[in-house]
Structures are given as C-alpha cells and as structure tokens.
Amino acid sequence: MNGIPTSSIREGGSIHLVNPADETVIRELAHSTLAEVDDAILHAVSAQKAWAALPPAERAAGLRRFAAAVAGAVEELALLEVMNSGHPIAQARWEAGHVRDVLTYYSAAPERMIGKTIPVDGGIDVTFLEPLGVVGVIVPWNFPMTIAAWGFAPALAAGNAVVLKPAEWTPLTAIRLAELALEAGLPEGLFQTLPGRGDVVGERFVTNENVRKVVFTGSTATGKKVMAGCAHQVKAVTLELGGKSANVVFADSDLEKAAATAPYAVFENAGQDCCARSRILVERSVFDRFMELLEPAVKGVTVGDLYDESTEMGPLVAKAHFDKVASYVPDDSQVAFRGSAPAGPGFWFPPTVLLPGSRTDRVVTDEIFGPVVSVLPFDDESDAIALANDSVYGLSGSIWTRDIGRALRVSRGIESGNLSVNSHSSVRYSTPFGGFKQSGLGRELGPDAASAFTETKNVFISTD
Ligand code: NAD
C-alpha cells in the first residue's frame, strides 16, 4: 500500500493538490478508502511481528539504511516540499536533512531498549520493553516531513510498524518517505503512507483495534476528538497541538538582538508553526524603542521566490487557510506595520505586526497560524509571567534578559513545554518536545521517545 492509489472509483474521493506559490494544480491524488486502510493495518500487523523478531542489531542496521536513503534524497524531498507546501528551498532542505538526522539518532535505539533487574524476595524480577504493535501517526500540513519523522522514527526503532496519514493538502513527501523505506530494504508493510481524509483515514486509526497507539499532531480541536475516540479502547495517544507562545523581552536584554530575531520566531514558515512566538511581550519602559527596532527587521524579511536560497518566507498553504488568517486583519485599525509580499497568484500574506486594543482581543488569544504577531507591553516580572500564561496553550516561548536569576525565575514561572533564553530555538532531535495545557500530551524526540512506543512487561523468576 505504499505509493499513490490509482483506481478511479473511490469512496475516499480525491484531491487536487495545488502549488501555494502560484495556484497551479500539481496533480490529482486519490484518497485511501476505509477498506484500503484496514488492509494496510492488517499488513502492518504481520510485518511488525517479523520486524520485532529480528535481532536488535539488524533493526538498527535497517534504520541506518533508511537514514542513508533519505540522505540521498534530500534534494528530491526538498523540491517536493517547495512545490506542495510552499516552503522556501533553504528551509525545505533543512527539513529533509532533519528527517535524516532523526532517523540516524533513533537508529541507535533498538540496541538500547534496556529493561531493569529488580531485587525481590524469593527470586528475581526483570522488565522488558515490548513494542506496542502498529502505531498510527497523523500529521498536519505545516511541517509534513519533520513531524512525520518524529513519530515514525522512534516507533520503528522500538519494534513497531507504522501507518502514516499525511494532511490532505501536503501528502507528497510522506508518500516518498514510505517508498524510500522500501528502497532501503525495510520489510514491506512495515511503514506505509495512507493519504486521505481525516474523518476517514485518521478516524480509522483511532477505531481500528489493531492500531495500538495514535500519535496525533494538529489542531487542539481535532486532538480532543482523537483523544476521546482513543478512550473507547483505552488506546495510548500522544498529542502535539496548538500554541500561542510568548516572546518576553525585558528592558535589561540585548534589545537590538531581541528585535532583530523576533521576526524569525514568528514569520518562519509564514507563521504556520506551532512554536511561533506570536505574542511579543515587551517591558513598558523600552516598548517604543523595541518597536522602532522591530520595524526594519520585519520589513527586511525576504518573501518571494521559493527557489532562491536567500528567501526566508513563502506563501500560506492554501486558499482556505489564507482566508482564515486574513479574517484576523480585516482592516488597518490594529496594524503597526507590515513587511512585503508578492501580489499573486498564490496565497501570499505579508509579515504583519499588530498593536491590539486589549489583552483579550482575539488576535491575542487565538492561534492565527499565519505571519501575524501581536505586541503588548507589560509592567514587571510577575505581570510578564501572568500575561505569558494567560492562554489555554503552553507549547513554546522565549525570554530575553541579561539577568540569569530572572531568566531562571521566569523559565520556571511560564507554563510551557519548550522555552529558550536569549534565543528562539525550539526543536532539537536529541531533546524532548511537547506541550503543557491544551498544547498537548506526552513528549516527542529526545532520549526517551522510543520507550514511549513500548509497554513495560514485568516478569518474576522464582529461585526456589
Ligand atoms: P488539523 O487538526 O485540522 O489536522 C491535523 C491532521 O488530523 C490532518 O492529517 C487531518 O487530516 C487529520 N484529521 C482531521 N480530522 C480528523 C479526525 N476526526 N480524526 C483523525 N484525524 C483527523 O490540523 P492542521 O490544520 O492540519 O494543522 C495545524 C495545527 O497543527 C495547528 O493548530 C498547529 O499548532 C498544530 N501543530 C502542532 C504541532 C506540535 O508539535 N504541537 C506541530 C505542528 C502543528
């Protein structure tokens, strides 16, 4: 079931994939049907048993070959992402390289799934980390390759099979990754991509009893549905959901650096980034100075030709999403300034900086998921923490200060899974990533992610 289904009459329907940069149709892609999903899952069940029975060193070698196949296809994957998702080429190359790196990192895991020996009365007690079976990975359209890899690489490393559902608009790199796994010699059926609708393919991952865990990345609204669905079978679930992260700038910080880098913390990937610092909170005493410094930085963001290595921002992913983002900026009443963007065709939206009328305005509370940032003043440290935490989300954030004590106090005070001090770094494959509050449940990446795809089995051995 790897690759693109070809039959013409399909209950799953089909989709015209559109290049977001120029609105041309790339291709028509058939969606997977329920029967195809169920077949693929059955296929995965048998492939997983054979995979888990292999010596760990052989599974590790298989993942290293998969990583090498991705390394050889970085340019091809990057070009697919440029065309399908509207990512600038330099960013798309980074994403494909990140998939290679995530696979390389987790290729060490099969030989490090280490249980424990526990001293007990009358014998010894040992624990085994058993694979779960088939894992369903559901991904959004904003980072189609990288987010898929965060799920499939540790899941495969722990001895599981994976069925992957890409987002409807952006399936092409996920389809190619499953082909690369086969080309690298991973067993047929072990890693399958099933393009299709969320309410068909995604829901089937939730309801099919042979899928033992669902890793869902997407909106908080859909994540709640997935979690409720998984509850019926007490099925394990990891959720990576929305965000409305704060970039907190204190008066004692390197203000020039904070302002120069703030655009990249929110406009990267055209703001379609769960970690986007889409609320900039600035200490009142330096607010005006910060805005003066921010304006040229925002106007300097290069938006346009996706094949130019220096381009920093592309279009929004689709017309429906463009309309949603535009609805948050109906007129200029809150606009402080804007960067530039091509006129079209394509779903181009300029980097936009807002000065909201209040802390409860919907541009401050909602995840807009576009290149729109709100800047708000705060009075002191406790006000900054309270304002940063005034959100249902808690995914990411930045703190700018030269005072190490303050950096630590504010880091501990903000309810968020991923913070950076004097930087906007969010993601490293070797460190855990995930959200507080309605930004999610569980952690991906880092040294513990593979064991999140196992059950601990405890065995007592009598010495009597
Ligand atoms: P979405 O929730 O609309 O869709 C995500 C995926 O779920 C898609 O593949 C979709 O087809 C599928 N889906 C839809 N309905 C489903 C259902 N009933 N059952 C199962 N699957 C279903 O999200 P989106 O618009 O594609 O992505 C944007 C959202 O993703 C934003 O909120 C963003 O913050 C979030 N996101 C979070 C992270 C993170 O790591 N926390 C990373 C990237 C994106």
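Below, the figures for the structure above:
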item: Residue check, R402 outside any strand (DSSP E or B), surrounded by fewer than 23 Cβ atoms within 10 Å (Cβ to Cβ), more than 16 Å from the chain's Cα centre (by Cα) and among the basic types (K, R); result: yes
item: Filtered residues of region 351-381 (kept if open to solvent by 30 Å² or more (accessible area, probe 1.4 Å) and under 29 Å from M83 (Cα atoms)); result: D366, E367, F369
item: Residue that is farthest from the ligand (Cβ to nearest atom), among those in region 140-168 that are aromatic (F, W, Y) and buried (at least 22 other Cβ atoms within 10 Å of the Cβ); result: F152
item: Tally of residues being of a type in the set (A, V, I, L, M), touching a Ser or Thr at 6+ places or on another chain (Cβ under 7 Å) and open to solvent by 10 Å² or more (accessible area, probe 1.4 Å) across region 202-251; result: 2
item: Extreme residue, least open to solvent (accessible area, probe 1.4 Å), among residues of region 119-134 that are touching a Gly at 6+ places or on another chain (Cβ under 7 Å) and among the hydrophobic types (A, V, I, L, M, F, W, C); result: V126
item: Boolean, L186 is within 21 Å of L54 (Cα to Cα), touching a residue at least 60 places away in the same chain (Cβ under 8 Å) and either over 19 Å from the mean Cα position of the chain (by Cα) or surrounded by 20 or more Cβ atoms within 10 Å (Cβ to Cβ) (or both); result: yes
item: Search result, residues across region 204-214 that are assigned to a strand (DSSP E or B) and more than 10 Å from the ligand (Cβ to nearest atom); result: V211, R212, K213
item: Which numbered condition L441 misses (of (1) buried (at least 18 other Cβ atoms within 10 Å of the Cβ); (2) under 19 Å from T217 (Cβ atoms)); result: (1)
item: Members of region 415-434 found to be more than 10 Å from the ligand (Cβ to nearest atom) and in a loop (DSSP other than H, G, I, E, B), listed by number; result: E415, S416, L419, N422, S423, H424, S425, R428, Y429, S430, T431, P432
item: Per-region count, region 435-464, residues closer than 22 Å to L156 by Cβ, in a loop (DSSP other than H, G, I, E, B) and out of contact with any Pro (no Cβ under 9 Å at 6 or more places or on another chain); result: 1
item: Residue within region 190-199 that is closer than 24 Å to Q91 by Cα, open to solvent by less than 10 Å² (accessible area, probe 1.4 Å) and either out of contact with any helix residue (DSSP H, G or I) (no Cβ under 9 Å at 6 or more places or on another chain) or in the same structural domain as L395 (by TED's automatic domain parsing) (or both) present; result: no
item: Selection count, region 333-354, where residues are touching a strand residue (DSSP E or B) at 6+ places or on another chain (Cβ under 9 Å) and closer than 18 Å to M291 by Cβ; result: 11
item: Every residue from region 255-302 that is polar (S, T, N, Q) and open to solvent by 10 Å² or more (accessible area, probe 1.4 Å); result: T261, S278, S285, T302
item: Flag if A78 is in contact (Cβ under 8 Å) with a residue 24 or more places away in the chain and open to solvent by less than 50 Å² (accessible area, probe 1.4 Å); result: no
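Residue by residue, here is whether (1) part of a loop (DSSP other than H, G, I, E, B); (2) away from the ligand (no atom under 16 Å from the Cβ) holds:
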| residue | (1), (2) |
| --- | --- |
| K244 | yes, no |
| A259 | no, yes |
| V266 | no, no |
| C274 | yes, no |
| V282 | no, yes |
| A297 | no, yes |
| T311 | yes, yes |
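Per-residue answers, yes or no, for (1) closer than 22 Å to V248 by Cα; (2) assigned by TED's automatic domain parsing to the domain that holds N160; (3) open to solvent by less than 60 Å² (accessible area, probe 1.4 Å):
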| site | (1), (2), (3) |
| --- | --- |
| I385 | yes, no, yes |
| S391 | yes, no, yes |
| L408 | yes, no, no |
| I414 | yes, no, yes |
| S423 | yes, no, yes |
| G446 | no, yes, yes |
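The values are calculated or read from the model by the stated rules, or taken from the named source; none is laboratory data. Since we're looking at a predicted model, the values are computed, not measured. FYI the Cβ positions are ideal-geometry reconstructions off the backbone, even for glycines, and counts take in every protein chain you see. Accessible surface areas use protein heavy atoms only, side chains included; no ligands, DNA or RNA. Shrake-Rupley method; radii C 1.70, N 1.55, O 1.52, S 1.80 Å.
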